[in-house]
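Structure, as structure tokens:
The values are calculated or read from the model by the stated rules, or taken from the named source; none is laboratory data. What you see is a predicted model, and the numbers here were worked out from it, not measured in a lab. Glycine gets a Cβ as well: all are built from the backbone with ideal geometry, and neighbour counts include every protein chain shown. Ligands, DNA and RNA are excluded from the accessible area calculation, which covers all protein heavy atoms including side chains. Shrake-Rupley method; radii C 1.70, N 1.55, O 1.52, S 1.80 Å.
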Amino acid sequence: MNNSVQKQLNILDYGLQSLWRKKFKNLCVFFIFTLVIFLLASFQCMNTSLTRTAEKLLLTVPDITIQQLSAGRQTAMSVETIKKLGTIFGITEINPRIWGYYFDETNGANYTVLGTDDHSFAPLQLDLLESGQYLKPEEGGQVVLGQAVVDNLALSGRRYFSFFRPDLTLMSFQQVGVFAEKTNLLTADLILMSLEDAGDLFAMQKGYVTDLLVTVGNSNEIQTIAAKIAEKIPGSRVLTSAQIQKTYQAIFGFRSGFGAACLLASLAAFVILAFDKGLGFSKEDQREVGILKILGWQTGDIMRLRFYESLVTSLCAFVFGMTLAWMHILFFDGGLFRPVFLGWSVLRPSFDIVPFIQLQDILLVFAFSVLPYLTATIIPAWRASMVRADTVI
Amino acid sequence: MRPSWLLISFFSLFIVIDIVFLCVHNGRRAEFDATVPSLNSLVAQMGLSDLALSTEARYTRHPALTDPVAPFMDHIGAIEHFPSGSFMAPSSVRKVGMPNE
Amino acid sequence: MKTDIQPVIELSEVHKFYNQGQLREVHALKDITLRVEQGEMICLRGPSGSGKSTLLSIMGCVFGPTSGFAAVGGKQLSRMPDQYLTCYRRKTIGFIFQHFNILPELTVENNIVLPLLPLGISPHDQKKRAALLMERFGIMHRRDFQASQISGGELQRTAIARALILDPPIILADEPTAHLDSTRSLELMESLTTLRQDGKTISLTSHDPLVTEHKNVDRVVDMEDGCIVESESVCS
Ligand SMILES: Nc1ncnc2c1ncn2[C@@H]1O[C@H](COP(=O)(O)OP(=O)(O)OP(=O)(O)O)[C@@H](O)[C@H]1O
Ligand SMILES: [Mg+2]
């Protein structure tokens, strides 16, 4: 083996032995560091996984969503509005939709109700339904349910159930289909029904909906068309797909920023600890360095020795913490951080986090853990290496 | 056996584990990516703007479409309770809830 | 490595100050002139604080003199930067210290091979060299003992083995018998004598008459307050 490689290995060996000699202290540091890296890495990985998943899935949000505002709040809008938009060139399709929330008082859960009349859709072919079928246009009172809703309503095989209208009269529904498990990320709390039924359930005026979905032929024109729509419908809110996607990233940015701030504080505390541990080096350590130096170890060798020691500690903790974090995300669905990212929920949608591991995150965690630790230990290492050889004579 | 070999074996062991994890990860992603087109068409069809990650209130199920007053629309106690909302539900979530209560 | 240049150690008009220019300035060596020939065994003697260890440190290339001329093995020390001094020291000098300076937490073997580590010598060769020396000084059976668990005599022999591991031409020993009883001291002197027969140059410091009056010591140099008092030749 090459002489200088052998030399580095020798110094590394010596460093490992001296780490092992103070195993209690060093194992403590190792485990705390592992914990910090584990938290940081799981957090980062979870954040990436969620945002990337959303990014991919929400790629196809409608080009433009139109809502009506009144006194700064969203209100129902008439389907007649569609006629006003017919003249705008570039719009290929406009679909009315009722999108509301039904509060299930007995379970204390919010369901998302979606009323649509667009039947140009064949979810069975796309493998989106677990059982049953899609809404039939001619029959009323039919619903397709998300899995969390099915669980929450405790239907257990029953096909019929009832919801209250605002005036507390009952409206009954027939469950005709259940969304497949793989769509849980989107449909867990969803109740899909016809536009008419939704209007009935929420006691909305006939011919009124909550929003209009606009499809635009050329995606470069979305902005201009949105501006034209806003002009044509006074008091409307016109949302473009880009805006929706951006806002969605921001909500995780907010939550992850908060979590990251907490974690970085703990990391800073740890780095200070490392710095302190390195600085307070005892008479014994000093004597050891003196002996090594007089036996022919160079200042650089001593620095390398100390550097290897902290490199080994931090790299081991990094690899170990990173592996634990991946395990946490892959096999435990990031259970520790789910609350931070998702908040509380009565209707807890069950879904597996789609893991997204990317090099950027690994480097980020590395830069925020191993690098500060190494820099924090460099000054103590340098100080240690400055011990003079003649102190031991 | 010299200590540095032990260290190297430690690292190799973890690299092997990590490679296995990456394979699992790639498998999951591939599985997910296979469903993406159909989910995309679902999104397009229904105009969904958000993931059903949590359903505590309309502004978390559909954060992309809220207005500044949205939190107050659910019920009076439902001011945005983040970060505490990340760790616990409001004590009376099962009772309060209806806007007219 | 054997040098043919004579003398092996040459000092002339050497001064050494500690903390020069500061309040606690110590003039530890004053105008020292000394020559040590190849293969000679000399002994520095003098009261505590007379500068024996300081003089030995200069001979051992631990630091250069503050002023004056000092050459060890033909190399002039004051010209050498610290880094080369270290390199040169480990090739040329074997140290045996007053307090052994054995690391108590390491095993005997690991202590002995310490000087080999930064030279990039493989563990296999390290063990082989250490084994030879341990065999020679009778501490083979203590190879894997922690240094804190062996007797003073064994510790001393460990220190000698460590000093010899790089086979240096010059051996310096600072009060090597200070912690030994008379039998052990004599044994040590025997070991040193065999080294001398190998052609090594040896320089000791000691108060111990067992050492200073030992038949194999060529010369005793008396020191007092940083000066050499007289230089008496015992033989040759
Ligand atoms: N690092 C140092 N800094 C300042 N003064 C020192 C230092 N080392 C030694 N001295 C002083 O230099 C003088 C000579 O010290 P040295 O250690 O050479 O004496 P010594 O003859 O070896 O004594 P002993 O027999 O006790 O070992 C002493 O007065 C001592 O106080
Ligand atoms: Mg002394």
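Plugging the Kirkwood radius over Cα pairs into Stokes-Einstein for segment A:17-110, at a temperature of 25 °C and a viscosity of 0.890 mPa s, what D comes out in µm²/s? So the translational diffusion coefficient is about 124 µm²/s. Give me Rg over Rh for segment C:9-233, both radii from the alpha carbons and Rh done the Kirkwood way, two decimal places. My calculation puts Rg/Rh at 0.97. In segment A:64-216, the ratio of gyration radius to Kirkwood radius, Rg to Rh, stands at 0.98 when only Cα atoms are counted. Take the Cβ atoms of C:M140 and A:C28, set R0 to 22 Å, and the FRET efficiency comes out at 0.05.
Counting charges near A:L19 (Lys, Arg +1; Asp, Glu -1) among other residues having Cβ under 10 Å from its Cβ returns a value of +3. If you find the alpha carbon centre of segment B:1-53 and of segment C:161-236, how far apart are they in angstrom? So the two Cα centres are separated by 70 Å.
Looking at the protein assembly as shown, the DSSP beta bridges with both ends there are about 70 percent antiparallel.
With Cα atoms as the point set, the radius of gyration and Dmax of segment C:61-193 evaluate to 15.5, 47 Å.
For chain A, the normalised intensity computed at q = 0.08 Å⁻¹ comes to -0.62 (log10 of I(q)/I(0), Debye sum over alpha carbons, equal scatterers, no solvent).
Bridges between two residues of segment C:9-233, per DSSP, are antiparallel at a rate of about 55%. Rolling a 1.4 Å probe over the protein chains gives A:C28 an accessible area of about 50 Å².
For segment A:32-84, the calculated P(r), taken from all Cα-Cα distances in 10 Å bins from zero up to the bin holding the longest distance, is 18, 23, 20, 19, 13, 6, 1 percent. The alpha carbon convex hull volume per residue for segment B:1-48 rounds to 57 Å³. Computed over segment A:181-235, the convex hull of the alpha-carbon atoms projects to a mean area of 6.4 nm². Give me Rg/Rg_expected for segment A:191-266, where Rg uses Cα atoms only and Rg_expected = 2.2 N^0.38 Å with N residues. In units of the globular-protein estimate, segment A:191-266 measures up at 1.65. Each principal axis of the Cα cloud of the protein assembly as shown was taken in turn, and the coordinate range along them, longest first, works out to 127, 51, 46 Å.
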